[in-house]
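So the structure is just underneath, and the comments pick up after that.
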């Protein structure tokens, strides 16, 4: 996780996961291994993403993580837009969240979870996030975070405690009437 800049227009000074919007090039980046079938199915059924979009979202997550933190998942690439071939095989779909309609900046995010032991690279910031570090979930929950981050950390902890990274209902974190509303699908 890393801290967003104090002067950021959206979620200033809060700790967040690396991530961002899909770039057009994310659809064309070669991958080393695709998402597991179960993750593809969960994204299709509960993540509003067909197979192609699910793979694109996973590539985006891996690319954004690399850009913002220097960490990556996948073998080295000889050429291409990234120095690695994104490896989606160990990714699980954690959940989906959409900001409230009254929010001046909107996002429709899908959250993934991977085994950190498979991550490579050296932790470094590109300036989008500061105070980058690995945080145990219980410690991360004490950082300044927003409600959706708190929810996804708690959801990850629940799954890891039950050793159910993939075999659990998928949460949708949205808002109704300005208040968080969570549904499991």
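Being closer than 16 Å to residue 108 by Cβ and touching a residue at least 12 places away in the same chain (Cβ under 8 Å) is the requirement here; does residue 20 meet it? Working first, answer last.
Values: closer than 16 Å to residue 108 by Cβ: yes; touching a residue at least 12 places away in the same chain (Cβ under 8 Å): yes.
Judged against the criteria, residue 20 is a match.
Since residue 30 meets every condition but one in (1) within 23 Å of residue 125 (Cα to Cα); (2) in contact (Cβ under 8 Å) with a residue 40 or more places away in the chain, which condition does it not meet?
Answer for residue 30: the failing condition is (1).
What is the number of the single condition among (1) buried (at least 19 other Cβ atoms within 10 Å of the Cβ); (2) within 28 Å of residue 133 (Cα to Cα) that residue 46 does not meet?
So residue 46 meets the others, but not (2).
Among what's in region 60-86 and is without any contact (Cβ under 8 Å) to a residue 24 or more places away in the chain and not in a strand (DSSP E or B), pick the residue that is nearest to residue 126 (Cα to Cα).
83
Would you point out the residue of region 49-59, among those that are part of a helix (DSSP H, G or I) and in contact with a strand residue (DSSP E or B) (Cβ under 9 Å, 6 or more places away or on another chain), that is surrounded by the most Cβ atoms within 10 Å (Cβ to Cβ)?
Across region 49-59, the extreme among qualifying residues is 58.
Only residues that are touching a strand residue (DSSP E or B) at 6+ places or on another chain (Cβ under 8 Å) and part of a loop (DSSP other than H, G, I, E, B): list them for region 1-34, please.
1, 4, 5, 13, 14, 17, 18, 19, 31, 32, listed by residue number.
Rule-based calculations on the coordinates, nothing more; no lab input. What you see is a predicted model, and the numbers here were worked out from it, not measured in a lab. No Cβ is skipped: glycine too gets one built from the backbone with ideal geometry, and neighbour counts run over all protein chains shown.
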